Amino acid sequence: MSGQVRTAVIGLGRLGYWHAENLATKVKGAQLVKVVDPLEGRAEQVARELGVPGWSKDPREVFEDVNIDAVVLVTPTSTHAEMITQAATHGKQIFVEKPITQTVEEADEVIQVLHKHNVFCQVGFMRRFDPAYAEAKRRIVAGDIGKPLYFKGVSRDGNCPPAEFIKHSGGLFLDVAIHDYDIARFLMGTEVESVTATGNVLLHTFMNDYHDVDQAVTTLTFASGAAGDIETMRIAPYGYDIRGEVIGTEGSIQIGSLRHHDVLLLTTNASTHDIIPDFPTKFKDAYLLEMIHFIDAVQKRERPACTETDGKIALEIAAAATESFQTAKTVKLDKKVSI
Ligand SMILES: NC(=O)c1ccc[n+]([C@@H]2O[C@H](COP(=O)([O-])OP(=O)(O)OC[C@H]3O[C@@H](n4cnc5c(N)ncnc54)[C@H](O)[C@@H]3O)[C@@H](O)[C@H]2O)c1
């Protein structure tokens, strides 16, 4: 398509605001024409702040507007299936935050709708666009560490979302570990074959009310014969700590660090540096780069690099991990059989 991509952002909470800001101020080729949030005054406030001409409390005003080409869905996970279905039915190209939907059955249904209406759905696995993870992928593909044998993922967060978010999040495996499931298959270049997961409530006891956990470990086996483990938690008292490692036959590649600014403070009794506090700080560049990619894909009418299929596969791994945690059994992905 030629010209600007007329875009709307639906959902202006913790992350939606940043996507809206990027689209309004930084993404060439995008024109942010409307923002939507049902919370009283939120959409108007964001629209005024970012100079967006339209705002609404009702997503239907976006779906039914024939002048809008693309939508960015950043609403609670429990709403994704309905939002994608509505957007696709009205012919919009879609960016949806992870996970694509809350259940694999919903993912199958929305994929059918997407295909029927010939639109695509990029899923918000922004780690793929993070410069460090992207460089690691390039080096692995170039053969710099030989054949990948082991994946290690660490996602530790100190900012526990409120109960209202947890209630609609799908649980720790679906909401947080899914980033590692996606980046694991992306970096390893092979599919996950089975998972074994454990979890606990170590600090945030309100999670018991939602059958959720604040700490989990998933071990993975891959179709290539490789293995891996993923540590996930919402209890890190010190900051936002996201790291990855792939160990290969010829070497290892380590991704991510705790430092925010590259500054080291030396005194007589300590050497210290600051720590990344939260996800908007850690993945600022990645959120912008994934949105640039989405708008570019819409303009070129090309499928994006991270599609609804990637969204579904990561969701299958998350569902299998949840099942493994609940049943205390290893769950195979291909046949979804507990062993
Ligand atoms: N990729 C990432 O790193 C990342 C980080 C955080 C959140 N997320 C995902 O983004 C989504 C939103 O998470 P969040 O943390 O911003 O949540 P949030 O609760 O902070 O914000 C959600 C917003 O959506 C609005 N909303 C609720 N129902 C709506 C509806 N029907 N129509 C329009 N707006 C509606 C709410 O009023 C709220 O402002 C979730 O799916 C989450 O998994 C991804």
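The values are calculated or read from the model by the stated rules, or taken from the named source; none is laboratory data. It should be emphasised that the depicted structure is a prediction, and the values quoted were computed from it without experimental measurement. Because the Cβ atoms are built from the backbone with ideal geometry, glycine has one as well, and the counts that use them run over all protein chains shown. Only protein heavy atoms, including side chains, enter the accessible area calculation; ligands, DNA and RNA are left aside. Shrake-Rupley method; radii C 1.70, N 1.55, O 1.52, S 1.80 Å.
Observations, loosely collected:
- Debye, to nearest 20: dipole size of the chain, +1 on Lys, Arg Cβ, -1 on Asp, Glu Cβ: 640
- The helix-only estimate of mean residue ellipticity at 222 nm for the chain, built from DSSP H runs of length n ≥ 4 each weighted as -39500 (n - 2.57), is -10000 deg cm²/dmol after division by the residue total.
- Computed from the C-beta positions of residue 219 and residue 263 and an R0 of 30 Å, the FRET efficiency is 0.25 to the nearest 0.05.
- Across segment 238-329, C-alpha contacts under 8 Å between residues 6 or more apart give a mean separation that, scaled by the residue count, equals a relative contact order of 18 percent.
- Global geometry of segment 192-245, whether rounded, prolate or oblate, following the gyration tensor of its Cα atoms and the 1.5 cut on a/c: oblate
- Cross-link table 98/167; 26/284; 147/282, entries beyond 18 Å C-alpha to C-alpha: 147/282
- Given +1 at the Cβ of Lys and Arg, -1 at the Cβ of Asp and Glu and no other charges, the dipole of segment 263-339 around its Cα centre is 340 debye to the nearest 20.
- Grouping the Cα pair distances of the chain into 20 Å bins from zero gives a pair-distance distribution of 30, 59, 11, 0 percent in increasing distance order.
- Dipole magnitude for segment 95-194: about 480 debye, using +1 per Lys or Arg Cβ and -1 per Asp or Glu Cβ, origin at the Cα centre.
- Of the GluC sites (Glu not before Pro) found in segment 290-323, the ones in coil according to DSSP and having at most 13 other Cβ atoms within 10 Å of their Cβ are 302.
- Rounded, prolate or oblate (a/c below 1.5 giving rounded, otherwise prolate when a/b exceeds b/c) for segment 269-339 by Cα gyration tensor: oblate
- Those lysines that a straight Cα-Cα span of less than 16 Å connects to residue 57, excepting residues fewer than 8 apart in one chain: 34
- For segment 168-240 versus segment 285-330, the gap between their alpha-carbon centres in whole angstrom: 15
- Whole-number percent relative contact order across segment 222-283, with pairs defined as alpha carbons under 8 Å at least 6 apart: 28
- Pairs of Cα atoms nearer than 8 Å and 6+ residues apart set the relative contact order; for the chain it is 20 percent.
- Of all DSSP beta bridges confined to the chain, the antiparallel ones make up roughly 55%.
- Global geometry of segment 121-215, whether rounded, prolate or oblate, following the gyration tensor of its Cα atoms and the 1.5 cut on a/c: prolate
- Rounded accessible area per residue of segment 95-228, 1.4 Å, Å²: 40
- Low-density loop cleavage sites - chymotrypsin sites (Phe, Trp or Tyr not before Pro) in segment 197-295, where at most 14 other Cβ are within 10 Å (DSSP): 238
- 15 Å beta-carbon shell around residue 226, net charge (K/R +1, D/E -1): -3
- Portion, in percent, of the accessible area of the chain that falls on carbon or sulfur, probe 1.4 Å: 53
- Along the axis of the charge dipole computed for the chain (Cβ charges of +1 for Lys and Arg, -1 for Asp and Glu, origin at the Cα centre), the listed residues 177, 7, 85 are led at the positive end by 7.
- Both radii were evaluated on the Cα set of segment 1-129; the Rg over Rh quotient, with Rh as the Kirkwood radius, amounts to 0.94.
- Distance from segment 111-132 to segment 1-49 (C-alpha centre basis), Å: 18
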